[in-house]
Amino acid sequence: MKALITGGAGLVGSEVSRLLAEKGFEIITVDNYMRGKIFGPAGDTKGVMKKLRQAYNITHYEIDIRDDKVKELMKGVDLIVHTAAQPSHPRSIEIPMEDFEINAMGTLKMLEAARRMAPDAVFIYTSTNKVYGDAPNYFSYYVKDKRYEPNDPKLHDGFNEGLRMDGVLHTPFGVSKASADLYVQEYARLFGLRAGVFRMGCITGGAAMAVEQHNWEPYFMKKALSDEPLTIYGYGGYQVRDVIHARDLAALFFEFFRSPRPGEAYNIGGSRANSISLLEAIDLIEEITGRRIRYSHGPAREGDHIWYISDISKARGHFPAWNVRVSLKEIFTELRDVLEAHSAL
């Protein structure tokens, strides 16, 4: 089996590459390390790819997904996992044109290339819960201990794929990803591409780069270990997220490859079991590190969610062999270990 993974040096791309390599796939990765240009040196992923290639037999190309050269790499592949993106909704407000060109146009070019060069391949697209914009903020919540909870008990397990997209604030990132999301579904239904969409929440893991505008979990851990002050943006820190390790996400992608469901879209995150508020995350980090986090409060970011938990029941129903397996404590402990090891170098 042969797989092409875009954004191969990123958090999700590297975990997918690792899993598939261990399963005997021939791996081709594409990454132009744009993350380092978008977020600065702290976001650079070249080191991730270096370690990945030292551990596995991976063929890597440092090219942009918008480059026509990617088309040639699709010949003979059985699986395409498209993770490359401009991933930050705060940054998209500053660079809306580049955000669109990478996320929407880049994905459309990938789909068209797959239709021409690898029509039988399974195509997996990593979308985002930001396609729903700030629709979750139109529900009512109350404070319970150190987190928000929904007043409507039907939301206990989170938002399903029926959450509305219209009449809400998305930021350019949410719009570009929603456009690509719909294109992937359209190419499945109209052209018969075996493509699926995964609307992801907060993904993290040891390969995550700790920057303020993306990947808040390692960024919070970095602040604890460095004893630097942290700013929490909006909602008093009571806002809730569900966190999933990229390793669990990669396992789900493999299940989709084994039994593809063309045109389907799935909300994917850590679910209720791995949900945590920012204040609760600070408590957990302090417990794991034995250090205190000094923090202050800033204004809410545009389109940021008050409360978001992914209802993963659709994915669980379609792929019963899969579930979220890495716990919150395991996730944050891994982040501590990786950051401590990096600082010791």
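A short reminder: the numbers here are calculations on the coordinates, not readings from a lab. None of these values were measured; they are calculated from a predicted model. We place every Cβ from the backbone using ideal geometry, glycine too, and count neighbours over all the protein chains shown.
Sorting the segments 89-99, 120-130 by their mean number of nearby beta carbons within 10 angstrom, highest to lowest, gives 120-130, 89-99. Place +1 on the Cβ of every Lys and Arg and -1 on the Cβ of every Asp and Glu in the chain, take the dipole about the Cα centre, and give the residue among 310, 142, 10 whose Cα lies farthest towards its positive end. Sorting the options by dipole projection puts first 10. When only the Cβ of Lys, Arg, Asp and Glu is charged (+1, +1, -1, -1), the dipole of the chain relative to its Cα centre reaches about 540 debye. In terms of packing, defined here as the mean over residues of other Cβ atoms within 10 angstrom, the peptides 133-144, 328-339, 158-169 line up highest first as 328-339, 133-144, 158-169.
Extension gain for residue 75-residue 2 works out to 25.3 nm (0.36 nm per residue, less the C-alpha to C-alpha distance). For residue 59 and residue 112, the difference between the fully extended length at 0.36 nm per residue and the C-alpha to C-alpha distance is 16.8 nm.
Annotation: for a label point projected 7 angstrom from Cα along Cα→Cβ of residue 259, residues of region 188-205 with backbone N closer than 18 Å are 194-198.
Helical runs assigned H by DSSP (4 residues or longer) give the chain a calculated mean residue ellipticity at 222 nm of -11500 deg cm²/dmol, each run adding -39500 (n - 2.57) before division by the residue total. Here r is the Cβ-Cβ distance between residue 156 and residue 51 and R0 is 35 Å; the resulting FRET efficiency, rounded to 0.05, is 0.30. Subtracting the Cα-Cα distance of residue 283 and residue 228 from their residue separation scaled by 0.36 nm leaves 18.2 nm. Take each peptide in 288-297, 57-66, count the other Cβ atoms within 10 Å of every residue, and average; sorted highest first, the result is 57-66, 288-297.
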